[in-house]
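The values are calculated or read from the model by the stated rules, or taken from the named source; none is laboratory data. In this text, all values refer to a predicted model and were calculated from it rather than measured experimentally. Note that each Cβ is placed from the backbone with ideal geometry, even for glycine, and that neighbours are counted across all protein chains shown. Each accessible area value is taken on the protein alone, full model and side chains, heavy atoms only, with ligands, DNA and RNA left out. Shrake-Rupley method; radii C 1.70, N 1.55, O 1.52, S 1.80 Å.
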Amino acid sequence: MKGVWITTVYNQDWPSSSSKGNVEIQKSEFINILEDVMSLGIDTIVVQIRPKSDALYKSSINPWSDILTGVQGKDPGYDPLEFILEESHKRNIKVHGWLNPYRITTSGTNLSVLSANNFARNNPQTVIKYNNAIFYNPGLPEVREYIVNTVAEIVRNYNIDGIHFDDYFYPGENIDDNDAYRRYGNGVSLGDFRRRSVDEMVKACYEVIKSINGNIKFGISPRGIWKNKSSDLIGSESNSLESYYDLYMDTLTWIDEHIVDYIAPQIYWSTDNNDSNYEVMVSWWNDVVKDSGVRLYIGQNINDLDIASEIYKQIEINREYENVSGNILFSASDIMNDNDNVVMQLKEAYR
């Protein structure tokens with residue numbers, strides 16, 4: 001895989017803020033992205049089609065996203081995902097639909113500003129408020145059911161190549177999920193309850209995707225560190241935030257149980273980083289997926305100038321490890337803006 005993330009939240013990569021409500025401009029902007037990435041040899045786009053409990057596709061479960069028109073729930077006048085799939089497949093580019101399973105808002109905690117058909121607004125008991133934003137409570141069975149139904153609707157209705165989650169799971173440690181823990185904890189620690197809740201959602205999504213269409217891939221992009229070796233002897237030689245404890249993501253369980261087709265750890269560090277060295281982390285993940293049947297794609301942050309300046313070198317490192325099956329770049333706008341000469345480097349690397 002030679003992939004790139006296309007971020008829609010905040011109108012970051014697409015569509016532009018100035019294009020809200022203008023179908024033709026949005027279509028033109030997207031085709032420009034496709035043409036640019038295709039010219040580099042990129043063969044897969046990972047498009048954020050559900051940034052905030054909403055939809056960039058026709059849905060009976062989630063409201064139209066406000067990034068399309070400025071108003072959540074307002075029909076944009078076309079089906080963006082249908083358009084994305086048609087234009088991408090025409091160019092032999094695969095499309096993975098990127099969903100944020102739990103995020104409802106990026107800022108603000110007032111449910112009444114959401115669309116009338118937003119699941120969160122109609123089911124306020126399912127949400128938690130944290131850091132001036134709203135998230136679904138992963139510990140609730142009805143939340144898992146809603147996410148699984150959301151995934152199933154996309155897989156049934158669209159000729160999509162993959163479903164993709166990023167690292168937005170539990171938003172932090174200090175959230176108020178005591179009621180869910182009391183009801184469903186079954187005697188395990190709070191941390192284990194949270195991880196189990198996420199694992200159950202991941203497994204249910206994997207199973208529903210495969211039951212509808214076994215050819216569609218399911219992948220997750222976890223934060224680059226599972227655990228540091230200082231916390232667990234099988235952890236990585238690193239010294240940074242641990243997704244196992246901070247976001248309650250137990251990526252190794254997903255791999256061991258094969259409830260994902262691929263992982264794309266966000267190894268967002270340079271080759272001279274002493275705390276979390278790029279090659280050290282690639283090597284660790286390479287060993288983790290060995291003989292698992294789960295593919296490994298490396299997530300690389302070309303928005304960071306230190307990484308953008310050495311992206312050719314990092315891709316060459318990836319190629320030295322037999323279980324690395326490709327990479328995904330964050331994100332499309334950094335290619336469009338040629339951040340620190342990434343275009344020339346990618347042309348050379350992918351040639």
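What is the residue count in region 282-300 for residues that are closer than 14 Å to Ile234 by Cα, open to solvent by less than 60 Å² (accessible area, probe 1.4 Å), outside any loop (DSSP other than H, G, I, E, B) and out of contact with any Ser or Thr (no Cβ under 6 Å at 6 or more places or on another chain)?
Let us first name the residues in region 282-300 that are closer than 14 Å to Ile234 by Cα, namely 283-289.
Those still in the list that are open to solvent by less than 60 Å² (accessible area, probe 1.4 Å) too: 283-286, 288-289.
Filter again for outside any loop (DSSP other than H, G, I, E, B), leaving 283-286, 288.
Keeping just the survivors that are out of contact with any Ser or Thr (no Cβ under 6 Å at 6 or more places or on another chain) gives 283, 285-286, 288.
Selection size over region 282-300: 4.
Filter region 6-27 for residues that are of a type in the set (A, V, I, L, M) and either touching a Lys or Arg at 6+ places or on another chain (Cβ under 6 Å) or outside any helix (DSSP H, G or I) (or both) and give the result. Explain how you work it out, then say what you get.
We begin by selecting, within region 6-27, every residue of a type in the set (A, V, I, L, M); these are 6, 9, 23, 25.
Result: Ile6, single match.
Output the qualifying pairs, or none if there are none: Cβ atoms under 7 angstrom, residues six or more apart or on different chains, first residue in region 135-159 and within 18 Å of Asp199 (Cβ to Cβ), second residue of a type in the set (Phe, Trp, Tyr) and outside any helix (DSSP H, G or I).
Between residues of region 135-159 that are within 18 Å of Asp199 (Cβ to Cβ) and residues that are of a type in the set (Phe, Trp, Tyr) and outside any helix (DSSP H, G or I), the close pairs are Phe135/Tyr102; Tyr136/Tyr102; Pro138/Tyr102; Pro138/Phe169; Pro138/Tyr170; Val143/Tyr136.
Out of curiosity, is Asp54 surrounded by 23 or more Cβ atoms within 10 Å (Cβ to Cβ) and touching a residue at least 40 places away in the same chain (Cβ under 8 Å)?
yes
Residue-by-condition table, conditions (1) at pLDDT 95 or above; (2) among the aliphatic types (A, V, I, L, M); (3) over 21 Å from Phe165 (Cα atoms); (4) out of contact with any helix residue (DSSP H, G or I) (no Cβ under 7 Å at 6 or more places or on another chain):
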{"site": "Asp43", "(1), (2), (3), (4)": "yes, no, no, yes"}
{"site": "Ile61", "(1), (2), (3), (4)": "yes, yes, no, no"}
{"site": "Arg91", "(1), (2), (3), (4)": "yes, no, yes, no"}
{"site": "His96", "(1), (2), (3), (4)": "yes, no, no, yes"}
{"site": "Thr106", "(1), (2), (3), (4)": "yes, no, no, no"}
{"site": "Thr109", "(1), (2), (3), (4)": "yes, no, yes, yes"}
{"site": "Ala120", "(1), (2), (3), (4)": "yes, yes, no, no"}
{"site": "Thr126", "(1), (2), (3), (4)": "yes, no, no, no"}
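Looking at (1) touching an Asp or Glu at 6+ places or on another chain (Cβ under 8 Å); (2) farther than 30 Å from Ser283 by Cβ; (3) surrounded by fewer than 20 Cβ atoms within 10 Å (Cβ to Cβ), which is the only condition Gly139 fails?
(3)
Out of the residues in region 242-252 that are open to solvent by less than 30 Å² (accessible area, probe 1.4 Å) and in a helix (DSSP H, G or I), which is farthest from Asp287 (Cα to Cα)?
Filtering region 242-252 for residues that are open to solvent by less than 30 Å² (accessible area, probe 1.4 Å) and in a helix (DSSP H, G or I), the one farthest from Asp287 (Cα to Cα) comes out as Ser243.
How many residues are within 27 Å of Pro141 (Cβ to Cβ) and either among the hydrophobic types (A, V, I, L, M, F, W, C) or open to solvent by less than 50 Å² (accessible area, probe 1.4 Å) (or both) when one looks only at region 211-241? Can you show your working first?
Within region 211-241, the first condition is being within 27 Å of Pro141 (Cβ to Cβ), and the residues that meet it are 211-214, 216-223, 226.
Those left that are additionally either among the hydrophobic types (A, V, I, L, M, F, W, C) or open to solvent by less than 50 Å² (accessible area, probe 1.4 Å) (or both): 212, 214, 216, 218-222, 226.
Residues in region 211-241 being within 27 Å of Pro141 (Cβ to Cβ) and either among the hydrophobic types (A, V, I, L, M, F, W, C) or open to solvent by less than 50 Å² (accessible area, probe 1.4 Å) (or both): 9 in total.
For region 71-86, which positions are open to solvent by less than 20 Å² (accessible area, probe 1.4 Å) and not β-branched (Val, Ile, Thr)? Spell out how you get there, then give the answer.
Of all residues in region 71-86, those open to solvent by less than 20 Å² (accessible area, probe 1.4 Å) come to 76, 80-81, 84-85.
Answer for region 71-86, where residues must be open to solvent by less than 20 Å² (accessible area, probe 1.4 Å) and not β-branched (Val, Ile, Thr): Pro76, Pro80, Leu81, Leu85.
Return the residue satisfying two criteria in turn: it lies in region 264-300 and is of a type in the set (Gly, Ala, Ser) and in contact with a strand residue (DSSP E or B) (Cβ under 6 Å, 6 or more places away or on another chain), and of such residues it is farthest from Val342 (Cα to Cα).
Just the residues of region 264-300 that are of a type in the set (Gly, Ala, Ser), to begin with: 264, 270, 276, 283, 292-293, 299.
Adding the requirement that they be in contact with a strand residue (DSSP E or B) (Cβ under 6 Å, 6 or more places away or on another chain) leaves 264, 299.
On the way: Ala264: 20, Gly299: 15 Å.
Here the residue is Ala264.
State yes or no: is Tyr321 assigned to a loop (DSSP other than H, G, I, E, B), in contact (Cβ under 8 Å) with a residue 24 or more places away in the chain and within 21 Å of Asp256 (Cα to Cα)?
Details: assigned to a loop (DSSP other than H, G, I, E, B): yes; in contact (Cβ under 8 Å) with a residue 24 or more places away in the chain: yes; within 21 Å of Asp256 (Cα to Cα): yes.
Yes; evaluated as a whole, the condition is true for this residue.
Identify, please: which residue in region 1-34 is of a type outside the set (Ser, Thr, Tyr) and without any contact (Cβ under 8 Å) to a residue 24 or more places away in the chain and is, among those, nearest to Ile84 (Cα to Cα)?
Across region 1-34, the extreme among qualifying residues is Glu29.
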